[in-house]
Amino acid sequence: MSAEPMRPDAGGAMPPTTVKVWDPFVRVFHWALVALFVFAFLTGDEWQGPHETAGYVIAGLVAARILWGLIGSRHARFSTFVRSPVEVARFIGATARFSAPRYLGHNPAGAAMILALLAAIGVIATTGYMMTTDAYWGVEWVEGMHETAAWGTLGLIVLHVAGVALASIEHRENLVRAMFTGRKRAPGADDRA
């Protein structure tokens, strides 16, 4: 992506240097999920009541995010960022060569990660709930799946953080700050809006 000097538009005004991308719901959801997952992961069997409460809140957040992915703002909607596995693989290959295009919203790898995290957290929430029922209380495969999904999700989170760091370096943009402020650098000529 070339860094072109900013030029005034036809009316003489300078274009904005940043644009709004992430709406308040997406940002609050993201950071609330981070905090609640860390809390639930660390409490596990040690503090059962608060652990279960965190799990129910997480399940509610995920349900709300899925709904927001259908009706929410432009960059929050699944229809604007979910890509085919072939596109995801191409993007990851381009990223490995430091030649991936910059996306204003979620890039294909980020979109795949969102879907993977939502699915994994859905498994954690479902098996966590199952463990509170009479039918599945003490059933080993349910407990094993719950624990495996939690550790698997932790692995996905590590990959997600690494991907955010790599994209931030590649495109010279602080993506963590963008998830706090909701704003990213205005798209350039080579960016995918």
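The values are calculated or read from the model by the stated rules, or taken from the named source; none is laboratory data. Quick caveat, the model's predicted, so the values are computed rather than measured. Here the Cβ is made from the backbone with ideal geometry for all residues, glycine too, and neighbour counts use every protein chain on show. Just so you know, the surface numbers come from the protein's heavy atoms only, side chains and all, with ligands and any DNA or RNA stripped out. Shrake-Rupley method; radii C 1.70, N 1.55, O 1.52, S 1.80 Å.
Within segment 167-193, being among the hydrophobic types (A, V, I, L, M, F, W, C) and closer than 23 Å to Ala76 by Cβ holds for Ala167, Leu175, Val176, Ala178, Met179, Phe180, Ala186, Ala193.
Residue count for segment 76-104, restricted to those that are of a type outside the set (Phe, Trp, Tyr) and in contact with a strand residue (DSSP E or B) (Cβ under 9 Å, 6 or more places away or on another chain): 3. Among the residues of segment 130-149, is there at least one that is of a type in the set (Val, Ile, Thr), within 17 Å of the chain's Cα centre (by Cα) and modelled with pLDDT of 95 or more? There is no residue in segment 130-149 that is of a type in the set (Val, Ile, Thr), within 17 Å of the chain's Cα centre (by Cα) and modelled with pLDDT of 95 or more. Looking across segment 95-111 at every residue that is open to solvent by 40 Å² or more (accessible area, probe 1.4 Å) and of a type in the set (Gly, Ala, Ser), the one that is farthest from the chain's Cα centre (by Cα) is identified as Ser99.
When the residues of segment 162-193 are filtered to those that are among the small types (Gly, Ala, Ser) and outside any helix (DSSP H, G or I), the one that is least open to solvent (accessible area, probe 1.4 Å) is Gly182. Of all the criteria given as (1) under 30 Å from Thr18 (Cα atoms); (2) assigned to a loop (DSSP other than H, G, I, E, B), the one not satisfied by Thr95 is (2). Of the residues making up segment 126-143, just one is small (Gly, Ala, Ser) and in a helix (DSSP H, G or I), namely Gly128. For Thr127, the conditions (1) open to solvent by less than 20 Å² (accessible area, probe 1.4 Å); (2) within 18 Å of the chain's Cα centre (by Cα); (3) within 15 Å of Ala59 (Cα to Cα) are fulfilled apart from (2).
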